[in-house]
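The values are calculated or read from the model by the stated rules, or taken from the named source; none is laboratory data. None of these values were measured; they are calculated from a predicted model. Note: ideal-geometry Cβ built from the backbone for every residue, glycine included; neighbour counts use all protein chains shown.
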Amino acid sequence: MTDLPFAAVPAVTDRLADAMDIEGKIPRALATLGLEPGRPAAVLDVPATPWVDRVRRVAPEALVVPAIEPGGDLTVPVPDGSLASLVTLWTGFRGITGAGLDEVDRVLEPDGRLLVVHDYGRDDVSRLRPADAPEYRSWSRRDGPFLRGGGFRIRVIHCFWTFADLDAAREGLAALGPAGEELGSTLKRSRLSWNVAVYHRRHGGAPPPEAAAPG
């Protein structure tokens, strides 16, 4: 995931990725929230991580869409109304824009789902990043860009980075630089708490059926 300070060395990236969410909580949550096997889906690619492959284990038919360039607009090269779900992984939707949501609504079926994965914070992993990162502050607030409008809801998943032992944890974190070394020196166990948010939204921003007003 490119939002974390991974070194460019593939061996380092692979070691850390192998430790992340080995229980598979994130893919299971995506399946619960609308990523259904056998239905048309797309996932926004994140370079140099296995997350696209993990998502495609839930929905093997999922189209892989090139990641959004910094400052660029989301473009999904599929016909109107052709996707049951669209998943974006960390790099996607770092700023909610009307144009981005319009593109989502264009490609989704009438009851399609947008699933946006970001770090949530209040965990060990957040110590690797600046305390004022928007994921940890404004994004999850009721008046933040996701929850103040547009039909988004949030599901927080309590995950872990799990290493073979304490030495492996410290070695893996040290590869991330000073912040990783400092965090590793404080560890008392071989796993780190990692809270991940899935911001989910139905086509058009409509509330989910259980939240709809009675007719």
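Overview of values
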read-out: Residue that is surrounded by the fewest Cβ atoms within 10 Å (Cβ to Cβ), among those in the range 73-121 that are among the hydroxyl-bearing types (S, T, Y) and closer than 17 Å to P145 by Cα; value: T97
read-out: Residues located in the range 135-146, provided they are over 14 Å from the mean Cα position of the chain (by Cα) and either loosely packed, with under 14 Cβ neighbours inside 10 Å or without any contact (Cβ under 8 Å) to a residue 24 or more places away in the chain (or both); value: R137, S138, R141, R142, D143, G144
read-out: Any pair with Cβ under 7 angstrom, 6 or more apart, that starts in the range 10-38 at a residue that is over 13 Å from V117 (Cβ atoms) and ends at one that is small (G, A, S) and in a helix (DSSP H, G or I); value: R15/G172; L16/G172; A19/G172
read-out: Residue check for R129: within 21 Å of V12 (Cβ to Cβ) and basic (K, R); value: yes
read-out: From Y120, Y136, Y199, residue being farther than 30 Å from P77 by Cα, of a type outside the set (A, V, I, L, M, F, W, C) and in contact with a strand residue (DSSP E or B) (Cβ under 8 Å, 6 or more places away or on another chain); value: Y136
read-out: Residue in the range 112-121 that is in contact with a Lys or Arg (Cβ under 9 Å, 6 or more places away or on another chain), free of Cβ contacts under 8 Å to residues at least 12 places away in the same chain and in a loop (DSSP other than H, G, I, E, B) present; value: no
read-out: Within the range 14-33, tally of residues that are modelled with pLDDT under 90 and either surrounded by 15 or more Cβ atoms within 10 Å (Cβ to Cβ) or assigned to a strand (DSSP E or B) (or both); value: 3
read-out: Scan of the range 151-172 for residues that are buried (at least 16 other Cβ atoms within 10 Å of the Cβ), assigned to a loop (DSSP other than H, G, I, E, B) and of a type in the set (G, A, S), ordered by number; value: G151
read-out: Complete set of residues in the range 77-111 that are touching an Asp or Glu at 6+ places or on another chain (Cβ under 6 Å) and not in a helix (DSSP H, G or I); value: G81, A84, W90
read-out: Output for the range 34-60, where each listed residue is closer than 21 Å to N195 by Cβ, in a helix (DSSP H, G or I) and over 13 Å from the mean Cα position of the chain (by Cα); value: V58
read-out: Close pairs (6 angstrom Cβ cut-off, 6 or more residues apart or separate chains): at pLDDT below 95 and outside any helix (DSSP H, G or I) in the range 176-194, surrounded by fewer than 16 Cβ atoms within 10 Å (Cβ to Cβ) and of a type outside the set (V, I, T) anywhere; value: L176/P5
